[in-house]
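Read through the structure below, which is laid out as structure tokens, and then see the notes.
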Amino acid sequence: MASRRRMLLKVIILGDSGVGKTSLMNQYVNRKFSNQYKATIGADFLTKEVQFEDRLFTLQIWDTAGQERFQSLGVAFYRGADCCVLVYDVNVMKSFDNLNNWREEFLIQASPSDPENFPFVVLGNKIDVDGGNSRVVSEKKAKAWCASKGNIPYFETSAKEGFNVDDAFQCIAKNALKNEPEEEIYLPDTIDVAGGGRQQRSTGCEC
Amino acid sequence: MTSETSPSVSGDEASDPKPSPEDQLASLALSETDGPASGSPRENNRHNEIESAEEEVQTNSAAPGLAVVENSGEAVRRGRIGGVLWARTNSEPEADGPESPSSSGYAGERGSSSASSAGSGIYEIAEVRDDEVVDGVSDSQAAWVPGKRHVDEDDASISWRKRKKHYFILSNSGKPIYSRHGDEHKLAGFSATLQAIISFVENGGDRVKLVRAGKHQVVFLVKGPIYLVCISCTEEPYESLRMQLELIYGQMLLILTKSVNRCFEKNPKFDMTPLLGGTDVVFSSLIHSFSWNPATFLHAYTCLPLAYATRQAAGAILQDVADSGVLFAILMCKHKVISLVGAQKASLHPDDILLLSNFVMASESFRTSESFSPICLPRYNPMAFLYAYVHYFDIDTYLMLLTTSSEAFYHLKDCRIRIEMVLLKSSVLSEIQRSMLDGGMRVEELPLDPLPRSGSFSPHLGQHTLPTDSPDGFRELYGGIGGPAGLWHFIYRSIFLDQYVSSEFSAPISSPRQQKRLYRAYQKLYASMHERGIGPHKTQFRRDENYVLLCWVTQDFELYAAFDPLADKALAIKTCNRVCQWVKDVENEIFLLGASPFSW
């Protein structure tokens, strides 16, 4: 059964362009923030080790580009994801409205075995902007949406100030652990010579 | 399909004005007059004489690589494999700026930061220098240290980036499974990059096979849900690197079978690494053999030289055992076969022998006690397990009995005891020891006179040592180094037997570094001779500052020979003919004949 071995979690970050996906990653992994916006091309890949309940996790973070023109990359990127992080900007209504699209698109493309219970996390980013005065999506509204989608954990974050970022990722590890499949015993077939004909002739044979 | 070296490869259709068939026949009996053979009528119609009609090409040391682009448009040529690749399809001309701290490109900036990758630059540089010595001089069979090295490295380490050859196995979701250097988990970001590249190209209905980035080649191999990648700056041909990835995949199948595919079908998140736990050393030993074991590119096995009767005795008892329900019985000494026998209709591919013996030799636990382990022979049946009983008779000699029954341990143990008794009684084991000490064919012992072919005495291996005062003109000419006519080394591969024989290394190919270089030169020669599309070729003569390399491929055999770079061409050709004759003369001792399962 699940031993103490290290686990690798593939985490996909999705959301509209400019909501701060890359900034969140940078804050989380490198403890750095830059005000300068630089669009991600395709995807960036980061790794971060986290500890949760005495277990060591390696998060393999796929920081994807938000622009629509990259969406064709979906299947290639989403396959085998352990967790999907949906990010929106609390100051931009459209980015919140689009969460539904991102979620559905992910479920279609990644086609996880149990879509109802696939672990998502929602992050409402940029709560620091203008002291919160330019905010257009309330926490209540966001939480209601999360509840309607099967109680997705919700965090309000500030990549700039590093607020709540660690907690959010801790939660990702926790969720993935919950979702860990039962390990099966690996039992391949054995060759049945008597059963006839399943053998393959070796190609190097000159007979 | 371009071959930059095509002029150096001359096949049937030699590029010069074609001599008539009669002329060719004439040239078969080498026109140089210093051989006793010339002039004598050639009633023996063996095609064992090499043609001297091929073109000689002087290549400098920076010989251009062989054609690497597979089919049109399938190779992606980009300088970097970071985010830049995406820019190709998207009009945005933005490249990764150095200020981006996150892209983990191979040639890119210090990227994927992980909490523990903090290593002081000074330490890393010192380590690299240290390791370069290891890589250059003693990274060979002799000084090879088993197991994984440099586990503390990741793609942000300078030392990691400087390593000459990387091999990766990953899943199609980008999860790392194996990396030759560095810690798999720390390389998760790098692994994701590789998957993204492969999947991206795959999404477009295409396949990426090779990316060239300056001196580096990135070779990709997709096997269902398993991706294999090699990154190398060794200038080995693409075909060779791809074959190495095939062997690594085969080694993985040998341990797990192809049933792993089912795990990925059920669960794309599947993490394979626990299933491969403890097998790092098997992979690193296989990868090491890519730089010294000709079996890895010849797809043939080699035998320990033994007297015919001795090998027969070993084969007889193995056959006896095989008749009692053992699928394969294989007796080996290191990587050399002593004898092998298969149950009726079962045949063993040389690659399976290579992978199985590598698995057994690399796993320390087989040495300490008799073992019973599930294994899969990927060329025999990649889907299912066999069971291998393994027992070491001495430090180098081991027996492998393969069966389909998981309950056969005690039966196989009895078989082993019977075999051991016979081998001891007929002193096969001591003969093996002696052969180990004596070694195999030496170029210095190449018989001088090829004439007494049909003569009554058949020369035996190891009995050719000429008295030092013999009139050995060649030796005087070449200062006592190597064999006649400047012959330094050869490999002879019998196509019919799927076996090869390689001469012992001797001066001047004595250091591991020189041996590795020669090995790489052979490998390149092999690849150029077997190039798809324009191959196979028949002969090649190539001279550079290191060697004269001569390759000769017929329906029956392939000969690879290395000479002094100043060697005379006609003499070299003549010498190759003599090597072939010599191999024929001693084939009873250097090859496993008759009893091999290949003859069914």
Inset, instruction - At least 1 residues that are within 14 Å of the chain's Cα centre (by Cα) in each: list the strands (runs of 3 or more DSSP E) lying fully within the range B:266-371 that qualify. - result: B:301-303, B:336-342
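Got at least one residue in the range A:10-23 being at the interface with chain B (Cβ under 8 Å from one of its Cβ atoms), surrounded by fewer than 22 Cβ atoms within 10 Å (Cβ to Cβ) and of a type in the set (D, E, K, R)?
Of all residues in the range A:10-23, those at the interface with chain B (Cβ under 8 Å from one of its Cβ atoms) come to A:10, A:22.
With the extra rule that they be surrounded by fewer than 22 Cβ atoms within 10 Å (Cβ to Cβ), the set shrinks to none.
So far as the range A:10-23 goes, no, none of its residues is at the interface with chain B (Cβ under 8 Å from one of its Cβ atoms), surrounded by fewer than 22 Cβ atoms within 10 Å (Cβ to Cβ) and of a type in the set (D, E, K, R).
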Legend entry - Condition met for B:ARG212 (closer than 17 Å to B:SER232 by Cβ, more than 9 Å from chain A (Cβ to nearest Cβ) and open to solvent by 10 Å² or more (accessible area, probe 1.4 Å)): yes
Inset, instruction - State yes or no: is B:ALA322 aliphatic (A, V, I, L, M), surrounded by fewer than 19 Cβ atoms within 10 Å (Cβ to Cβ) and within 30 Å of B:VAL586 (Cβ to Cβ)? - result: no
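Do we find that B:SER405 is open to solvent by 10 Å² or more (accessible area, probe 1.4 Å) and within 11 Å of chain A (Cβ to nearest Cβ) in this structure? Break it down stepwise before answering.
Details: open to solvent by 10 Å² or more (accessible area, probe 1.4 Å): yes; within 11 Å of chain A (Cβ to nearest Cβ): yes.
Yes: the conditions hold for B:SER405.
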Inset, instruction - Would you mind telling me which numbered condition in (1) in contact with a Pro (Cβ under 6 Å, 6 or more places away or on another chain); (2) surrounded by fewer than 20 Cβ atoms within 10 Å (Cβ to Cβ); (3) charged (D, E, K, R) B:ARG517 fails? - result: (1)
Legend entry - Selection count where residues are surrounded by fewer than 22 Cβ atoms within 10 Å (Cβ to Cβ) and free of Cβ contacts under 8 Å to residues at least 60 places away in the same chain, scope the range A:40-57: 4
Inset, instruction - Looking at (1) touching a residue at least 60 places away in the same chain (Cβ under 8 Å); (2) among the small types (Gly, Ala, Ser); (3) open to solvent by 20 Å² or more (accessible area, probe 1.4 Å), find the lone condition where B:SER365 falls short. - result: (1)
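Identify, from the list A:LEU8, A:LEU56, A:LEU73, the residue that is over 22 Å from A:PHE163 (Cβ atoms), hydrophobic (A, V, I, L, M, F, W, C) and modelled with pLDDT under 80. Give the derivation first.
Working: A:LEU8 fails: modelled with pLDDT under 80; A:LEU56 fails: modelled with pLDDT under 80.
Residue meeting the stated conditions: A:LEU73.
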Inset, instruction - Could you please find all residues in the range B:238-265 being open to solvent by less than 10 Å² (accessible area, probe 1.4 Å) and in a loop (DSSP other than H, G, I, E, B)? - result: B:THR257, B:SER259
Legend entry - Subset of the range B:328-350 (residues that are out of contact with any Cys (no Cβ under 9 Å at 6 or more places or on another chain) and either among the small types (Gly, Ala, Ser) or open to solvent by 10 Å² or more (accessible area, probe 1.4 Å) (or both)): B:LYS334, B:HIS335, B:GLY342, B:ALA343, B:GLN344, B:LYS345, B:ALA346
Inset, instruction - Give the residues of the range A:24-39 that are open to solvent by 10 Å² or more (accessible area, probe 1.4 Å), more than 8 Å from every other protein chain (Cβ to nearest Cβ) and under 22 Å from A:TRP102 (Cβ atoms), sorted by residue number. - result: A:GLN27, A:TYR37
Inset, instruction - Filter the range A:112-133 for residues that are open to solvent by less than 40 Å² (accessible area, probe 1.4 Å), more than 24 Å from A:GLY74 (Cα to Cα) and of a type in the set (Gly, Ala, Ser) and give the result. - result: A:GLY132
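If I filter the range B:374-388 down to residues being free of Cβ contacts under 8 Å to residues at least 40 places away in the same chain and either open to solvent by 20 Å² or more (accessible area, probe 1.4 Å) or touching a Ser or Thr at 6+ places or on another chain (Cβ under 7 Å) (or both), which single residue comes out as farthest from the other protein chains (Cβ to nearest Cβ)? First the steps, then the outcome.
So in the range B:374-388, the residues free of Cβ contacts under 8 Å to residues at least 40 places away in the same chain come out as B:374, B:380-381, B:387-388.
Now restrict to residues that are either open to solvent by 20 Å² or more (accessible area, probe 1.4 Å) or touching a Ser or Thr at 6+ places or on another chain (Cβ under 7 Å) (or both): B:374, B:380, B:387-388.
Details: B:PRO374: 8, B:TYR380: 6, B:TYR387: 8, B:ALA388: 12 Å.
Among them, the one singled out is B:ALA388.
Take the range A:76-99 and flag every residue that is away from every other protein chain (no Cβ under 14 Å), open to solvent by 50 Å² or more (accessible area, probe 1.4 Å) and of a type outside the set (Asp, Glu). Explain how you work it out, then say what you get.
Here is the first cut: in the range A:76-99, the residues away from every other protein chain (no Cβ under 14 Å) are A:85-99.
Next, from what is left, pick out any that are open to solvent by 50 Å² or more (accessible area, probe 1.4 Å): A:92-94, A:97.
Across the range A:76-99, the qualifying residues are A:VAL92, A:MET93, A:LYS94.
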Legend entry - Every residue from the range B:271-286 that is touching a strand residue (DSSP E or B) at 6+ places or on another chain (Cβ under 7 Å) and buried (at least 21 other Cβ atoms within 10 Å of the Cβ): B:ASP271, B:MET272, B:PHE283
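Closer than 30 Å to A:ARG5 by Cβ, at pLDDT 90 or above and surrounded by fewer than 22 Cβ atoms within 10 Å (Cβ to Cβ): is that true of B:LEU221 in this structure? It would help to see each step written out before you state the result.
On the way: closer than 30 Å to A:ARG5 by Cβ: yes; at pLDDT 90 or above: yes; surrounded by fewer than 22 Cβ atoms within 10 Å (Cβ to Cβ): yes.
Answer is yes for this residue.
The values are calculated or read from the model by the stated rules, or taken from the named source; none is laboratory data. Nothing here was measured: the structure is a model prediction, and the numbers come from that model. When we count neighbours, we look across all protein chains shown, and the Cβ atoms used for this are built from the backbone with ideal geometry, even at glycine. Heavy atoms of the whole protein, side chains included, go into the accessibility calculation; ligands, DNA and RNA do not. Shrake-Rupley method; radii C 1.70, N 1.55, O 1.52, S 1.80 Å.
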